[in-house]
Protein chains: 2
Amino acid sequence: MAQDDGLRDGERAIKWCGASDARLVYIGRIRTPWTSRKDCPRQGRHDGPLCRIEIDEAWADALEGIDAYERLEVLYWLDHSRRDLVLQSPRDDGATRGTFALRSPMRPNPIGTSIVRLVEIEKTTLIVRGLDCLDGTPLLDIKPDRTLFIPPAPPTRGDYEIENP
Amino acid sequence: MAQDDGLRDGERAIKWCGASDARLVYIGRIRTPWTSRKDCPRQGRHDGPLCRIEIDEAWADALEGIDAYERLEVLYWLDHSRRDLVLQSPRDDGATRGTFALRSPMRPNPIGTSIVRLVEIEKTTLIVRGLDCLDGTPLLDIKPDRTLFIPPAPPTRGDYEIENP
């Protein structure tokens, strides 16, 4: 049950002193079918509804070559999220877990990440499946799925470094 | 070849107007063997060197339960990166690709993401393999790998929504 400070039984928050170490720029918006937090999937699915990633015109050319990737990693800003929780009770039953042991939207830097299937490109809009966020969520970044990406630049020393256990 | 504005042949930048849509808080530091950008791996490897993720004391309790996950998703701030590039030439040969078709550190919001193998926990430090970033990189977030995580909270309507092509 929520207490006066909005915490459920067992949950704990730190004293939040603000955030000013680095600054983000929104590069577009995400359109999904979900307008209420309670309807958003806990995890996106690749056979889920079509969603639209609308990229700001200034970044249009940054999409060049993106059609080579069937799957993309998408980063977005969960702008309705509380940021000060260290212990959370996902079932509201008094049992808690640490924030870093959860994929809850409530975290010190509420950055959501999803792997989406790219279905179609319409100018600066990507049509995808696999998102889980609210309609209108600000977009932060798009990258090729790490498992599909082969770096075009020559390898570095670090690429060969291995270490036995 | 780099021009006066630091661009390689074929590369293009936008006029950067700053970033102030949202603010980040650093929650720790990452220690790796790489002190120069040219040595960092292009992609981390799970048999790579041991690295340390040092979490600030304020977030210590947020680690509770993290030992249940063999792999973690780590987000960090690539604080040396140029942010205004839309077209990049990874081989410096005039051939370019859009920023969102690359996993280059140079992007409007230079957030690096890696999937790491959790080797050991020492108080508020995680010992891991699979990172690719410079020593001293600011830490933004840690979450269970999406493929290992089962949400403890009850499913939502969205979890069941599918849509035929």
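Quick look at the values:
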{"read-out": "Alpha-carbon spread of region B:23-149, three principal axes, descending order, Å", "value": "48, 34, 29"}
{"read-out": "Whole-angstrom gap from region B:82-152 to region A:1-71, using each part's C-alpha centre", "value": "17"}
{"read-out": "For B:Lys15, label point 7 Å along C-beta direction: distances to other copies, nm", "value": "4.5"}
{"read-out": "Region A:23-149 - charge dipole about Cα centre, Lys and Arg +1 at Cβ, Asp and Glu -1, debye rounded to 20", "value": "640"}
{"read-out": "Position A:Asp39, label points 7 Å along Cα→Cβ, spacing to each other copy in nm (shortest first, one decimal)", "value": "5.3"}
{"read-out": "Whichever lysines have a C-alpha closer than 25 Å to that of B:Lys123, once near sequence neighbours (fewer than 8 apart) are set aside", "value": "A:Lys15, B:Lys143"}
{"read-out": "Top of B:Gly136, B:Gly65, B:Gly44 by mean-square fluctuation, Gaussian network on chain B, Cα under 10 Å", "value": "B:Gly65"}
{"read-out": "Radius of gyration and maximum dimension Dmax of the protein assembly as shown, Cα, Å", "value": "19.5, 62"}
{"read-out": "Region A:56-156: trypsin sites (Lys or Arg not before Pro) in DSSP loop, at most 14 other beta carbons within 10 Å", "value": "A:Arg91, A:Lys123"}
{"read-out": "Mean shadow area of region B:108-165, taken as a quarter of the surface of its Cα convex hull (nm²)", "value": "7.5"}
{"read-out": "Most mobile listed residue (B:Asp67, B:Asp21, B:Asp135) in chain B, GNM with C-alpha springs under 10 Å", "value": "B:Asp21"}
{"read-out": "For B:Glu120, inter-copy label distances in nm, listed shortest first [label point 7 Å out on the Cα-Cβ vector]", "value": "5.4"}
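Every number in this text was worked out from the coordinates using simple rules, so none of it is lab data. Please read all numbers here as calculations on a predicted model, not as lab measurements. A quick note on method: Cβ atoms are made from the backbone with ideal geometry, for glycine too, and the neighbour counts reach across all protein chains shown.
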